[in-house]
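A quick write-up on the structure given underneath.
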Amino acid sequence: MNNIFYQSTRESSTKVLSSEAIVRGICEDGGLFVPNLLPKLDKKLDELKSMNYRELAFYIMSKFFTDFKEDELKECINKAYDDKFDTTVIAPLVKKTDVNFLELFHGPTIAFKDMALSILPHLLKTAAKNLNIDKEIVILTATSGDTGKAALEGFANVEGVKIIVFFPQDGVSEIQRMQMLTQEGENTYVVGVKGNFDDCQTGVKNIFNDREFNKRLDDNNIVFSSANSINIGRLVPQIVYYFYSYIGMCNSGEINTGDKINVVVPTGNFGNILAAFYAKTMGLPINKLICASNENNVLYDFINTGVYDKRRELKLTISPSMDILVSSNLERLLVSLNDGNREEIKNLMDSLNNKGIYEISDKMRKGLESFYGGYSTEKETYNTIKEVFETDKYLIDTHTAVAYSVYEKYKKETQDNTKTVVISTASPFKFTRSVMQAIDERYDEFTDFELIDKMSKLSGIKVPVAIKDINKRKIRHSRICEITDMKSVVADIVKVEV
Ligand SMILES: *Cc1c(COP(=O)(O)O)cnc(C)c1O
């Protein structure tokens with residue numbers, strides 16, 4: 001099989017294989033790694049229909065990670081998609097209302113980040129081995145809630161790796177805090193920072209860019225790495241479930257093989273929907289890629305006008321994982337839209353950094369035709385949760401509700417009756433307060449923990465193991481630090497002097 005190379009979105013002279021792209025995470029010029037071409041399906045869709053999740057994962061991922069040995073990649077997949085997930089199908093397709101919800105929240109932290117973060121540690125270890133890197137890997141992550149916990153679960157007890165997560169001490173929900181503070185695994189470290197998420201993020205970036213500190217670590221046989229969503233080791237595993245949902249719809253008789261489907265994705269950093277775009281480019285019959293935003297509707301404006309303008313206030317919404325103004329992975333889409341003209345991308349990104357805005361060419365706009373951009377207001381999101389529950393006794397979380405709300409607008413506007421998959425990115429149990437409030441305002445008087453049981457009664461769904469008795473679990477992490485002390489905390493954990 002031909003090797004796939006990875007190149008920066010901003011210049012094309014550097015070419016690396018997948019192992020190196022995974023270990024490096026981001027290019028030195030600030031660009032993101034993209035494959036030199038998107039591999040085409042070389043099996044008929046009919047042949048995929050009998051595959052289970054792991055088999056399909058191997059089929060798709062082996063096309064991208066071409067320098068991984070077959071048995072190594074299979075081992076990564078087997079270790080990732082195992083009984084950590086509460087269902088053997090890994091990503092169930094649930095037909096409710098007029099769509100199919102693809103539930104991506106059956107992993108250890110009940111949010112879709114598990115789909116990629118359960119395999120990333122294994123990919124990273126294998127990649128390091130392929131490159132003969134014999135160092136201890138230390139993963140540094142700043143989190144506003146979801147990513148940190150999913151990364152902790154993914155990396156817990158992985159040999160040769162330590163993971164340190166910084167979170168804003170007063171900036172996460174009670175359930176999220178308890179999920180992190182009770183994390184097991186001797187190699188996990190959770191630190192509350194007396195600051196907001198931006199302070200955590202900046203602190204981590206400063207540590208990554210501190211040459212002297214990195215040199216000191218290197219002397220001690222330690223190397224930093226990152227688990228954030230621009231790593232191709234997170235992007236590629238997400239392509240799998242779009243194929244999986246398609247064959248699920250074929251197998252249930254919902255569609256005939258070859259029919260087109262729409263996909264609706266609640267979007268933040270543009271990683272999840274980019275994976276759908278990659279699946280379409282590889283040959284999956286997708287009609288519209290429906291990009292759903294909350295009130296931080298930068299992407300809605302972009303898709304409809306060709307202008308990306310981040311110069312606005314970030315709003316805090318009930319779908320916090322989508323509260324984002326710079327969708328990093330969009331840069332990768334731009335490369336696909338302009339046939340790889342790196343000069344143009346670099347100019348656009350410079351403009352974004354310097355002026356906070358850029359506008360794409362008419363030619364690139366044409367490439368956006370397969371996308372539909374919509375957004376849901378807070379009120380619409382609440383109403384959608386209530387409406388779906390009343391129609392079908394099906395409880396969806398706030399992010400999924402944004403997606404479904406946008407789908408309803410799309411359908412009204414276009415009268416398009418193509419069969420549709422809505423990507424369901426979190427369990428409602430992760431956002432009990434907002435979801436229960438949507439059903440009835442009177443739930444507001446209860447604590448987050450009490451609401452877990454109330455939600456279970458209301459929905460008839462057992463409390464997920466991930467958060468069952470979460471308030472009674474043993475707290476294992478109690479470090480708190482000032483913003484200015486993050487570096488010395490890291491030094492202390494990895495036992496290196498500063
Ligand atoms: C991260 C996240 C999203 C956004 O996904 P992107 O890949 O960043 O677009 C949506 N919903 C939930 C629940 C998430 O955790």
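The values are calculated or read from the model by the stated rules, or taken from the named source; none is laboratory data. Predicted model only: the values in this text are computed from it and were never measured. Ideal geometry is used to build each Cβ from the backbone, glycine not excepted, and the neighbour counts take in all protein chains shown.
A few remarks follow.
- Considering only residues in the stretch 475-488 that are assigned to a loop (DSSP other than H, G, I, E, B) and either under 28 Å from the mean Cα position of the chain (by Cα) or without any contact (Cβ under 8 Å) to a residue 24 or more places away in the chain (or both), the one that is surrounded by the most Cβ atoms within 10 Å (Cβ to Cβ) turns out to be His477.
- Among the residues listed as Ile137, Ile119, the single one being touching a residue at least 60 places away in the same chain (Cβ under 8 Å) and either within 16 Å of the chain's Cα centre (by Cα) or under 15 Å from Ala426 (Cα atoms) (or both): Ile119
- Some residue of the stretch 97-105 being surrounded by 23 or more Cβ atoms within 10 Å (Cβ to Cβ), in contact (Cβ under 8 Å) with a residue 40 or more places away in the chain and assigned to a loop (DSSP other than H, G, I, E, B): yes
- The set of residues in the stretch 238-276 being within 12 Å of the ligand (Cβ to nearest atom) and closer than 24 Å to Leu37 by Cβ consists of Gln238, Val265, Asn269, Phe270, Gly271, Asn272, Ile273, Leu274, Ala275, Ala276.
- Among (1) more than 16 Å from the ligand (Cβ to nearest atom); (2) part of a helix (DSSP H, G or I); (3) crowded, with 18+ Cβ neighbours inside 10 Å, the one test that Phe208 misses: (3)
- Criterion (assigned to a helix (DSSP H, G or I) and of a type in the set (D, E, K, R)) met by exactly one of Lys315, Lys346, Lys288: Lys346
- Among the candidates Ile222, Ile139, Ile133, Ile164, residue that is of a type in the set (Val, Ile, Thr) and closer than 16 Å to Glu482 by Cα: Ile164
- Matching residues in the stretch 368-384 - criterion: being buried (at least 23 other Cβ atoms within 10 Å of the Cβ) and over 22 Å from the mean Cα position of the chain (by Cα): Thr384
- Residues of the stretch 424-474 satisfying the condition of being polar (S, T, N, Q) and in contact (Cβ under 8 Å) with a residue 40 or more places away in the chain: Ser424, Thr425, Ser427, Thr432, Ser434, Gln437, Thr447, Ser459, Asn471
- When residues of the stretch 43-91 are limited to those that are small (Gly, Ala, Ser) and surrounded by 18 or more Cβ atoms within 10 Å (Cβ to Cβ), the one nearest to Ala150 (Cα to Cα): Ala80
- Restricting the stretch 145-174 to residues that are touching a Ser or Thr at 6+ places or on another chain (Cβ under 8 Å), modelled with pLDDT of 90 or more and over 26 Å from Lys79 (Cβ atoms), the residue that is nearest to the ligand (Cβ to nearest atom): Phe167
- Within the span defined as the stretch 159-178, one or more residues are charged (D, E, K, R), more than 20 Å from Leu124 (Cβ to Cβ) and over 20 Å from the mean Cα position of the chain (by Cα).
- The stretch 352-428 holds strands (runs of 3 or more DSSP E) entirely within its bounds, and those carrying 2 or more residues that are under 12 Å from Ala292 (Cβ atoms) map to 371-375, 420-424.
- Scan of the stretch 313-333 for residues that are surrounded by fewer than 20 Cβ atoms within 10 Å (Cβ to Cβ), touching a residue at least 24 places away in the same chain (Cβ under 8 Å) and more than 12 Å from the ligand (Cβ to nearest atom), ordered by number: Leu325
- Filter result for the condition that a residue is under 21 Å from the mean Cα position of the chain (by Cα), assigned to a helix (DSSP H, G or I) and among the basic types (Lys, Arg), over Lys129, Lys149, Lys215: Lys149
- Unmet criterion (only one of (1) crowded, with 17+ Cβ neighbours inside 10 Å; (2) under 30 Å from Asn262 (Cβ atoms)) for Val94: (1)
- Of the helices (runs of 4 or more DSSP H) lying entirely inside the stretch 20-81, the ones with 1 or more residues being of a type in the set (Lys, Arg) are found at 53-64, 70-80.
- Filter pass, Glu153 being crowded, with 24+ Cβ neighbours inside 10 Å, touching a residue at least 60 places away in the same chain (Cβ under 8 Å) and of a type in the set (D, E, K, R): yes
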